[in-house]
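The values are calculated or read from the model by the stated rules, or taken from the named source; none is laboratory data. Here the structure is a predicted model, which means the values were calculated and not measured. A quick note on method: Cβ atoms are made from the backbone with ideal geometry, for glycine too, and the neighbour counts reach across all protein chains shown. Heavy atoms of the whole protein, side chains included, go into the accessibility calculation; ligands, DNA and RNA do not. Shrake-Rupley method; radii C 1.70, N 1.55, O 1.52, S 1.80 Å.
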Amino acid sequence: IQMIKGSKVPIICICNDRQSQKLKSLIPHCLDLKYRRPVKSVIARRAMQIAAQHSLPVEINAAEALAESCGNDIRQVLNALQMWASSDKGKMTYAEYSKQKNAINKDESLRIGLFDAAKSIVEGMRKEDSFFNRYDAYFTDYSFMGLLVHQNYLKVMTPQYLRARGAKNVPGEEEILSRMSAAADCMGDFDLVEGRLREGQTWSLLPICASLCVQTGSIAGGATGGMLQGFPEFTSYLGKNSSKNKKQRLLNELKHHLNFRISSTTSELRMMYLPALHSHFYRMLFNDTAEAISEMDVYGLNRDDLFENLDEFSIVTSGEKPKKFADMDSKTKAAFTREYNKGIHKSQALVAEQGVSKKRKAVAVEQRESDEEGDGDFDNDEEDNEEEDEKKIQELFSKKKGRAAGKSGKASKKSTKSRRKN
């Protein structure tokens, strides 16, 4: 932004996502121009004008078919016109173009988007999609395609099951349920193969991953192929994995705070101790705030652990609304905060250790051990240093006394002079 303000040369900034939050600070300093991919009719008219300038007559319907087959890519259209003109075939008619379109068309796998590719895979064996087309669709984004297939393959099978159930077709229901089980097994195999691929960087397993994804879609769609209603759903794995990592981090922090009072594994802490502590402190806050704070000091918990972290690990029974510290009224929270800030708590000693990596902790432990080992070597030096320190302190105090005496002498002289004048 500073470069844009100070530059005399125009700077062109290009983005694909106009709604991104990162552009909010940049847009006020730019001329916002929005471009769209031109439609085939516009490209066809312009292609006919260019062809006419080079003495190549082109029919309008042939030009539109050419633009559509190239995915509205102007550069590809111009390359096709150049190839046609160099071949001395004469006028480009729709009939002549239909014979040669396979050699001119742009590869469909390069024009298909991520979600369209996922839809073609999960819908299975349809007339227009062969195995190889669906196999190539997997490589549109092989790092993300498995998650999209896993998220959407059951959406293809659910309408089939509901139709069979509505028609009271018991054999049809059993057949669809067995296909669901087979598709789930196939996705399980895909997860194992992809896990081995990521761990060992064995990219030779990538074709097997593609085949397993295509097989999952074939099983889900059935013999004639299925239909995915609406747009493919975005994978929910990323959000759930982020929540899992966050809760794992909070659980490790709580275990670190409670480890001098509670001896348990992480799973035992999560399943047995934290729900009991949550309900225990929730009741205590309404009865006696001071007692709740003293109980927190016993377990080494701080205010954030109580009002934020413990809420993440409460166990909710069916039919009951979960009780959370965050839902408490502001007066109770303010009274607790005032009472809590009055004292000094054990949990404050753990603040310096929060966020310290394992490497830094190891370095600190090694430094501490080396210091302890070197204590014996410095005993004699410490005695000499103590004598030197005593001499320095005595000299420092003598200087201060001399300065104070000098100041008092000056003040007494001033007072005597003022008395004599009076």
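Tabulated results
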read-out: Residue list for the stretch 69-83, restricted to those being out of contact with any helix residue (DSSP H, G or I) (no Cβ under 7 Å at 6 or more places or on another chain) and assigned to a loop (DSSP other than H, G, I, E, B); value: Asp73
read-out: The stretch 51-63 residues that are in a helix (DSSP H, G or I), paired with ones that are open to solvent by 70 Å² or more (accessible area, probe 1.4 Å) and not charged (D, E, K, R) (beta carbon under 6 Å, 6 or more apart); value: Asn61/Tyr94; Ala62/Tyr94
read-out: Residue match in the stretch 260-267 (condition: surrounded by fewer than 18 Cβ atoms within 10 Å (Cβ to Cβ), basic (Lys, Arg) and not in a helix (DSSP H, G or I)); value: yes
read-out: Where a residue in the stretch 309-331 is of a type in the set (A, V, I, L, M) and its partner, wherever it lies, is modelled with pLDDT under 75 and open to solvent by 30 Å² or more (accessible area, probe 1.4 Å), with Cβ under 6 Å and at least six apart; value: Val316/Pro322
read-out: Matching residues, the stretch 175-212, being polar (S, T, N, Q) and farther than 16 Å from Tyr142 by Cα; value: Ser178, Ser181
read-out: Cross-chain or 6+ apart pairs with Cβ under 7 Å, the stretch 275-297 first and open to solvent by less than 30 Å² (accessible area, probe 1.4 Å), then in a helix (DSSP H, G or I) and among the polar types (S, T, N, Q); value: Leu285/Thr332
read-out: Subset tally (residues that are at pLDDT below 80 and either more than 30 Å from Gly221 (Cβ to Cβ) or open to solvent by 70 Å² or more (accessible area, probe 1.4 Å) (or both)) for the stretch 99-130; value: 12
read-out: Residues satisfying the stated conditions in the stretch 1-25, i.e. touching a residue at least 12 places away in the same chain (Cβ under 8 Å) and either more than 23 Å from Arg37 (Cβ to Cβ) or outside any loop (DSSP other than H, G, I, E, B) (or both); value: Ile1, Ile4, Lys5, Ser25
read-out: Top-ranked residue in the stretch 225-241 [being in a loop (DSSP other than H, G, I, E, B) and exposed (fewer than 13 other Cβ atoms within 10 Å of the Cβ); ranked as modelled with the highest pLDDT]; value: Ser236
read-out: Count of residues meeting criterion [over 25 Å from the mean Cα position of the chain (by Cα) and under 23 Å from Ile121 (Cβ atoms)] in the stretch 165-201; value: 13
read-out: Enumeration of residues in the stretch 131-154 that are at pLDDT below 90 and closer than 13 Å to Gly225 by Cα; value: Phe131, Arg134
read-out: Evaluation of Tyr161 against (1) in a helix (DSSP H, G or I); (2) closer than 28 Å to Gly113 by Cα; (3) open to solvent by 30 Å² or more (accessible area, probe 1.4 Å); (4) aromatic (Phe, Trp, Tyr) (one fails), failing number; value: (2)
read-out: Neighbours by Cβ (under 8 Å, 6+ apart or cross-chain): first from the stretch 113-127, closer than 12 Å to Tyr142 by Cα; second among the aliphatic types (A, V, I, L, M) and open to solvent by less than 10 Å² (accessible area, probe 1.4 Å); value: Leu114/Met145; Leu114/Leu148; Ala117/Ala137; Ala117/Met145; Ala118/Ala137; Ala118/Met145; Ala118/Leu148; Ala118/Val149
read-out: Failed condition for Leu301, given (1) assigned to a helix (DSSP H, G or I); (2) under 25 Å from Asn341 (Cβ atoms); (3) open to solvent by less than 50 Å² (accessible area, probe 1.4 Å); value: (1)
read-out: Residue check for Ile43: open to solvent by less than 90 Å² (accessible area, probe 1.4 Å) and over 22 Å from Lys99 (Cβ atoms); value: no
read-out: Residue in the stretch 206-219 that is loosely packed, with under 14 Cβ neighbours inside 10 Å, among the hydrophobic types (A, V, I, L, M, F, W, C), modelled with pLDDT of 90 or more and over 30 Å from Gly71 (Cβ atoms) present; value: no
